[in-house]
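S.K.: This is the structure I want to talk about, given as structure tokens.
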Amino acid sequence: MNILLVEDDNSIAEPLILGLERDGFSVNRVRTGSEALSATDPEFVLLDLGLPDCDGADVCRVLRSRGEVPIIVITARADEIDRVVLLELGADDYMVKPFGFRELRARIRAVQRRSQPRSDAGGPVGTERLEIDRRTRRVLLDGTEMQLTPKEFDLLAFMATDLGAVYTRNDILEGVWDTHWYGPTKTLDVHIAALRKKLGDPRWIETVRGVGFRLLQPE
Ligand code: CA
């Protein structure tokens, strides 16, 4: 797998490159946002937010708008606002400096596991009224395409894997995000609320009190 490493700081980039190459990855290292955006077809992106020519968040947004490449953001800022912003930008995960290489490797593997079903498998799932195509990441509700953010799609597709089954909050956080992304925040509830609104009927996503949620076609 070819990893695009976007990091201007040699003291961080050099040991990362050594470790990643030892693990069998090929690494294309660049130092600026503009170089990152002109890199050809990366399969995985490690993206520093503090870049010399622009804000890494903008790079993240542009990369995500081009497609589904997994992105792990590397940041020196650990506050909650950044997490929400990164989510909106479509990052798959983030790491706060300083971090160990073993932790990074574990995060890369986790993101890879989560992103694989998107591209490989994934025939259509859903109900008569709601058709979810995981290959093209399109959703039709009563024949009309829904406009979903990447995480809204992931959440809907995750719950549609086993229609009517109850998914616990932990199942969802682990399957769609990593639990370390959020901890006790309201992000899941915010996404559930947004999906219900877009589905036009809150009964599509039933809250199972004290347990979690399930997706069902309303009668
Ligand atoms: Ca930097």
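The values are calculated or read from the model by the stated rules, or taken from the named source; none is laboratory data. It should be emphasised that the depicted structure is a prediction, and the values quoted were computed from it without experimental measurement. Cβ coordinates were reconstructed from backbone atoms using ideal geometry, including for glycine residues, and neighbour counts include every protein chain displayed.
Per-residue answers, yes or no, for (1) farther than 16 Å from GLY90 by Cβ; (2) assigned by TED's automatic domain parsing to the domain that holds PHE101; (3) not β-branched (Val, Ile, Thr):
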residue: ALA13; (1), (2), (3): yes, yes, yes
residue: ILE17; (1), (2), (3): yes, yes, no
residue: ARG22; (1), (2), (3): yes, yes, yes
residue: THR32; (1), (2), (3): yes, yes, no
residue: LEU37; (1), (2), (3): no, yes, yes
residue: LEU49; (1), (2), (3): no, yes, yes
residue: VAL59; (1), (2), (3): no, yes, no
residue: ILE71; (1), (2), (3): no, yes, no
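S.K.: Residue under question is LEU5, and the condition is that it be within 20 Å of TYR94 (Cβ to Cβ) and within 13 Å of the ligand (Cβ to nearest atom); does it hold?
M.R.: Taking the combined requirement at face value, the residue satisfies it.
S.K.: Could you check region 51-72 and list, in sequence order, the residues that are outside any helix (DSSP H, G or I), modelled with pLDDT of 90 or more and surrounded by 13 or more Cβ atoms within 10 Å (Cβ to Cβ)?
M.R.: If the condition is that a residue be outside any helix (DSSP H, G or I), modelled with pLDDT of 90 or more and surrounded by 13 or more Cβ atoms within 10 Å (Cβ to Cβ), then LEU51, CYS54, VAL69, PRO70, ILE71, ILE72 are the ones that fit.
S.K.: So which residues in region 10-36 are within 13 Å of the ligand (Cβ to nearest atom) and either surrounded by 14 or more Cβ atoms within 10 Å (Cβ to Cβ) or β-branched (Val, Ile, Thr) (or both), if there are any at all?
M.R.: Restricting attention to region 10-36, the residues satisfying the condition of being within 13 Å of the ligand (Cβ to nearest atom) are 10-13, 16, 29-33, 36.
Hits for region 10-36 are ILE12, ALA13, LEU16, ARG29, VAL30, ARG31, THR32, GLY33, ALA36.
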